[in-house]
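The values are calculated or read from the model by the stated rules, or taken from the named source; none is laboratory data. What you see is a predicted model; the values in this text were computed from it and never measured. Every residue, glycine among them, receives a Cβ derived from its backbone with ideal geometry; neighbour counts consider all protein chains shown.
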Amino acid sequence: MEPSKITRRDFIGGVAGAGALATLGIKEAGAQAEPAGTIPADAIKAEKSKAMQWHSERPLTGSVPAHEHDFDVTPTDRMFVRNNLLIPDIDFKTHRVKITGLVGNELEFSMDELYKAFSAVTIQGMLECAGSGRSAYAPRASGTPWLETGGMGCPSWGGVRLADVLKAAGLKPGAAHVAGQGGDPGMVASAAPVIRSIPMRKAMDDDTLIAWAMNGQPLPRVHGYPLRLVVPGWVGSASTKWLHTITVLDAPFKGTYMSSSYVTPRVPVEPGQKMPAETVSTEGWPVKSMITSPAPNARLKAGTQATVRGRAWVGEGEVERVEVSLDEGKSWQRAQLWRSESGKYAWRRFTYDFTPARAGYTTLVARAWDSAGNVQPAIPAWNPLGYFWNGWHRVGVVVEA
Amino acid sequence: MRLSVFLLFGIFTTGGFAQDHLIPGPGSTLTENKCRICHELQHIQRSPLSRGEWADNLKNMKERGTPMTEAEMAVILDYLAVYYNRDKPAPAPSPDTLAGGGDPMQRLLEANGCTGCHAPDRKVVGPAFREIAAKYAGDASAAARLAQKIRQGGQGAWGNVPMPPNPGLSDPDLQSVVSWLLKK
């Protein structure tokens, strides 16, 4: 179904599905010992693709490897999962979102009211966890051991523009940052709420959404049902799930998820060192690409044409070109880069046709360049929290005679 | 009987939490109990860090809301920097000597993270031990209900603040805590 054609009936469908899941949640709560009002990990895992590789049950984190990402639009059941806290069981009918802070009029909407008050838009946009690729760093940094190519996806998102809602509320002078807060609870009451803020220029971007739909269906619970921010191209933590409050601020939000997490050293540090005092907040992803076909250890035939296919993206700006090397980076050939019609923050497909000449083990390496002249490095700068891995992606295949 | 069957079932279905342990050593019990309130211990086991990174990590976890005192953080940092150090191999497992000393009941409560949220006479995050005892006074089913509460965690009896489950607490220790509580 076309995401732009999401109907009120889909919303009701979402509510019915949620009810079934809630029942399952109660049944499993005894074994899982998750607090009341949260969805157990097993119920979420059952909804996702068998290709998902789970890194942790609590908090629930998982993704599919690169060769399971060979789609122009990431299917919902292959979208990565990463939470800081637990997954709340929220009632669509009573859920409300409030716009407060440096605004002329404080606003509050039910789901129905939000749907009626603004024009609905659909975009395709990348979301990628800041730590995606972390396990490729040496030495290993603290945090979820995402695969070199794990922790990202590019589905379509439906909702309203955050800019439209902010304009309706009216920004007061000095409004500079917008913070999202969601309803995910922790295991203890003392758990700090996950609050992140984004600068106004990104909040006002046409592709930054308050979203209720993913790939034309109501958001799945684990992806923020019933409402979330979508801040495409930026680290995933900016895209607050289970959104209930939007606060306009005169400066970046001050809190642990802004100051102690999701930061990188202002000046690169020696690998293995602790975070220096001077840090910068993580925002857009640097240019990145991955080979989605062939799969590692695929069998190719000497003298027969084969295609390297993959996806390339960058947090801000445009992917300018993608290159493929069949000799470990000694020489690079330009791949064909396909245009995406569905959003400036959507990943783009690339393909490179070649005919392997000799039998034996061969590596395929890809790297992308962006419109600002940045290129993926072989190995990016180490940082204490292992963020922004965008090293060359390398896939080994076997060429048979 | 029904209760013990239920408890056993609970222990065996907690996704490996019960058998999940860090290398035994001074501070290992406290470290296990604080860290697994919110996440699995594999987060520690799979990425040994430098002492400085562990210090940052603990500060971060405290900011995120882990109920632990400065003194407890110091014990945990010393433990992690020795047993999960990126640059030095871990020493051989040894008894957790820091789990001993002082009042054994106090030790048990601290080692299991109870004292992060409960105090004898005043409400902290959760109710005072005395308030709990008073609530269950004269109730014949109190022991069984309390044991289940402690084992499974709960929410609602004292407000909306959830109490985390304690799958790692042994059955004898659980019984000790319950009888101690009811005698307060």
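Before moving on, here are some points about what is shown:
- Residue match in the stretch B:88-101 (condition: within 14 Å of another protein chain (Cβ to nearest Cβ) and surrounded by fewer than 17 Cβ atoms within 10 Å (Cβ to Cβ)): yes
- All positions within the stretch B:38-87 that are part of a helix (DSSP H, G or I), touching a Cys at 6+ places or on another chain (Cβ under 9 Å) and either free of Cβ contacts under 8 Å to residues at least 12 places away in the same chain or within 10 Å of another protein chain (Cβ to nearest Cβ) (or both): B:His43, B:Ile44, B:Met61
- The set of residues in the stretch A:259-292 being closer than 24 Å to B:Lys62 by Cα, more than 14 Å from chain B (Cβ to nearest Cβ), part of a strand (DSSP E or B) and among the hydroxyl-bearing types (Ser, Thr, Tyr) consists of A:Ser281 alone.
- Just one of (1) among the hydrophobic types (A, V, I, L, M, F, W, C); (2) within 14 Å of another protein chain (Cβ to nearest Cβ); (3) part of a strand (DSSP E or B) fails for A:Trp157. It is (2).
- Filtered by the rule that a residue be in contact with a Gly (Cβ under 6 Å, 6 or more places away or on another chain) and either part of a loop (DSSP other than H, G, I, E, B) or polar (S, T, N, Q) (or both), the stretch A:352-377 gives A:Thr363, A:Ser371, A:Ala372.
- Residue in the stretch A:196-214 that is more than 27 Å from A:Leu102 (Cβ to Cβ) and either among the acidic types (Asp, Glu) or in contact with a helix residue (DSSP H, G or I) (Cβ under 8 Å, 6 or more places away or on another chain) (or both) present: yes
- Identity of the residue in the stretch B:141-163, modelled with pLDDT of 85 or more and in a loop (DSSP other than H, G, I, E, B), that ends up farthest from the other protein chains (Cβ to nearest Cβ): B:Ser141
- When every residue of the stretch A:165-183 is checked against the conditions, at least one turns out to be assigned to a loop (DSSP other than H, G, I, E, B) and within 14 Å of chain B (Cβ to nearest Cβ).
- Annotation note: of A:Ser340, A:Ser331, the sole residue that is surrounded by fewer than 18 Cβ atoms within 10 Å (Cβ to Cβ), of a type in the set (S, T, N, Q) and farther than 20 Å from A:Trp389 by Cβ is A:Ser331.
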